[in-house]
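Visitor: Handing you a structure now.
The values are calculated or read from the model by the stated rules, or taken from the named source; none is laboratory data. Since the structure is predicted, the reported quantities are computational estimates derived from the model, not experimental observations. Cβ sites come from the backbone with ideal geometry, for glycine too, and all protein chains shown count toward neighbours.
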Amino acid sequence: MRALGIDPSLRSTGYGVVEEDGAGYRLIEGGVLAPLAGAAFESRLAELSRGLSEIIAGLRPDVMVIEEVYSRPSHPRTAILMAHARGALVCAAALARLPVVDYAATTVKVALVGRGTASKEQVAAMVVRLLGLRRRPSPADVTDALALAIVHLRRNGHRPHAVLERSSTRRSTAGRGKE
């Protein structure tokens, strides 16, 4: 099974594709979609949608796993912008007929670390360990996306018996490219 994790944002959407083949989790690709900051709002949303459509077509995941929108009372605008970005990304998946599953950030933290208050560093350490990486993926948006993909695989019975060696990855800021 191949899961595409998405950490949605209007500025830097992290994505990560993880595959489970019975023997371990394997990183297929990770990166960010980063629309031009000065572009019109609707153009940025279209760029996110187009970029994700290319990733879906090229990597052919079985499911997309996306973080739920969260809101802090002190920053309601952030939640609204994230919801717009998330909508554009979910639409791209729907057009590709890709099933979409969402998890709250606290659910991911509990599943990987055992505590809903786990730090980003603790989550990243588990991602590194489970994927057999030598170093933490960067930026944090990619790590968060990979965590979403891993959690979905684990929750749906895709628990490998051993962790495979690190595979090659490609990263870019607008689609795919060599790391």
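Visitor: Suppose we filter Y70, Y103 for residues that are in contact (Cβ under 8 Å) with a residue 40 or more places away in the chain and aromatic (F, W, Y); which single one remains?
Guide: The conditions single out Y103.
Visitor: A follow-up question, please. Is it the case that A149 is modelled with pLDDT of 95 or more, within 21 Å of A23 (Cα to Cα) and out of contact with any helix residue (DSSP H, G or I) (no Cβ under 9 Å at 6 or more places or on another chain)?
Guide: The answer is yes for A149.
Visitor: A follow-up question, please. Please go through the range 106-129 and give me each residue that is of a type in the set (G, A, S) and touching a residue at least 12 places away in the same chain (Cβ under 8 Å), ordered by number.
Guide: Hits for the range 106-129 are A111, A124.
Visitor: Cβ-Cβ below 6 Å, separation at least six or inter-chain, first residue in the range 130-159 and at positive phi, second outside any helix (DSSP H, G or I) and among the charged types (D, E, K, R): which pairs?
Guide: Qualifying pairs under 6 Å: G132/E165; G132/R166.
Visitor: Please work out which one of (1) in contact (Cβ under 8 Å) with a residue 24 or more places away in the chain; (2) in a loop (DSSP other than H, G, I, E, B); (3) more than 23 Å from M1 (Cβ to Cβ) is the condition M82 fails and give its number.
Guide: Exception for M82: condition (2).
Visitor: For the range 14-53, how many residues are buried (at least 19 other Cβ atoms within 10 Å of the Cβ) and over 18 Å from the mean Cα position of the chain (by Cα)?
Guide: Qualifying residue count, the range 14-53: 1.
Visitor: Please specify each residue of the range 54-88 satisfying the condition of being under 16 Å from P99 (Cα atoms) and buried (at least 18 other Cβ atoms within 10 Å of the Cβ).
Guide: Matches in the range 54-88: I55, I56, P61, V63, M64, V65, I66, E67, R86, A88.
Visitor: Restricting attention to the range 1-20, report how many residues are in a strand (DSSP E or B) and modelled with pLDDT under 95.
Guide: Just the residues of the range 1-20 that are in a strand (DSSP E or B), to begin with: 2-7, 13-20.
Remaining after also requiring modelled with pLDDT under 95: 20.
Qualifying residue count, the range 1-20: 1.
Visitor: Report, by residue number, each residue of the range 26-43 that is hydrophobic (A, V, I, L, M, F, W, C) and assigned to a strand (DSSP E or B).
Guide: Hits for the range 26-43 are L27, I28, V32, L33.
Visitor: Looking at A46, A57, A23, which is the one that is out of contact with any helix residue (DSSP H, G or I) (no Cβ under 7 Å at 6 or more places or on another chain) and not in a helix (DSSP H, G or I)? Working first, answer last.
Guide: On the way: A46 fails: not in a helix (DSSP H, G or I); A57 fails: not in a helix (DSSP H, G or I).
Being out of contact with any helix residue (DSSP H, G or I) (no Cβ under 7 Å at 6 or more places or on another chain) and not in a helix (DSSP H, G or I) holds for just one of A46, A57, A23, which is A23.
Visitor: Filter the range 70-128 for residues that are basic (K, R) and out of contact with any helix residue (DSSP H, G or I) (no Cβ under 8 Å at 6 or more places or on another chain) and give the result.
Guide: R77, R86, R97
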